1. Under the rule of -39500 (n - 2.57) per DSSP H run of 4 or more residues, summed and divided by the residues of the chain, what mean residue ellipticity at 222 nm is obtained, to the nearest 500 deg cm²/dmol?
2. Assuming 0.36 nm per residue, please report the length gained on full extension of the stretch GLN3 to ARG78 beyond their Cα-Cα distance.
3. Please report, as a whole percent, how much of the solvent-accessible surface of the chain comes from carbon and sulfur atoms (probe radius 1.4 Å).
4. What is the magnitude of the charge dipole of the chain about its Cα centre, with +1 placed on the Cβ of each Lys and Arg, -1 on the Cβ of each Asp and Glu, and no other charges, expressed in debye to the nearest 20?
5. Per the Kirkwood definition applied to all pairs of different Cα atoms, how many angstroms is the hydrodynamic radius of the stretch 1-47?
6. So how much slack lies between ALA70 and ASP97, counting 0.36 nm per residue of separation and subtracting their Cα-Cα distance, in nm?
7. Could you grab the Rg to Rh ratio for the chain? Cα atoms only, Kirkwood for Rh.
8. What is the sum of charges, Lys and Arg at +1 and Asp and Glu at -1, for the other residues whose Cβ falls under 11 Å from the Cβ of ALA58?
Amino acid sequence: MTQQLILIAGPYRSGTDGVQARIDENLARLESAALAVYQRGHIPVIGEWLALPLAKAAGSITVGDEISEAMLYPVAHRLIAKCDAIYRIAGASKGADMDIEVARKYGLSVYTALENIPEA
């Protein structure tokens, strides 16, 4: 199997009530999954890695403000168009579920378990 660009989708703000420490825990879970995908030989990406700095550059002050809301999902969806697959980690997330819908429109593979991602 050749290397794939794989978007990691899962909870970021979901279930956090806007508490930054909980958001940070969710990001750590996404990044742990990204590391596991990297260790299988692929290139992992997380939408927030791109969206958050762009939102900040556009003037966003906090996650959930008008600017970040206008950036987070659209950036992820543009990124999905360039990916080969998505790895959906566990946890309720409206955004991650939307990512899966977008991925399916592009005909991308959707993995829900690390062991289903072939090693490159």
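The values are calculated or read from the model by the stated rules, or taken from the named source; none is laboratory data. Computed from a predicted model, the values in this text were never measured in an experiment. Here the Cβ is made from the backbone with ideal geometry for all residues, glycine too, and neighbour counts use every protein chain on show. With ligands, DNA and RNA removed, areas are computed over all heavy atoms of the protein, side chains included. Shrake-Rupley method; radii C 1.70, N 1.55, O 1.52, S 1.80 Å.
1. Details: 4 runs with 58 residues, N = 120.
Value at 222 nm, helices only: -15500 deg cm²/dmol.
2. Numbers: separation 75, 0.36 × 75 = 27.00 nm, distance 2.00 nm.
So the extension gain works out to 25.0 nm.
3. Details: 3550 of 6640 Å².
Carbon and sulfur together cover 53 percent of it.
4. Numbers: 11 positive and 14 negative charges, 51 e Å.
Once rounded to the nearest 20, the dipole reads 240 debye.
5. Working: mean 1/r = 0.0890 Å⁻¹.
The Cα-based Kirkwood calculation yields 11.2 Å.
6. Working: separation 27, 0.36 × 27 = 9.72 nm, distance 1.77 nm.
Taking ALA70 through ASP97 to full extension adds about 7.9 nm, to one decimal.
7. On the way: Rg = 13.9 Å, Rh = 14.4 Å.
Taking Rg over the Kirkwood Rh, I get 0.96.
8. Values: positive: LYS56; negative: ASP65, GLU66.
Summing Lys and Arg as +1 and Asp and Glu as -1 gives -1.
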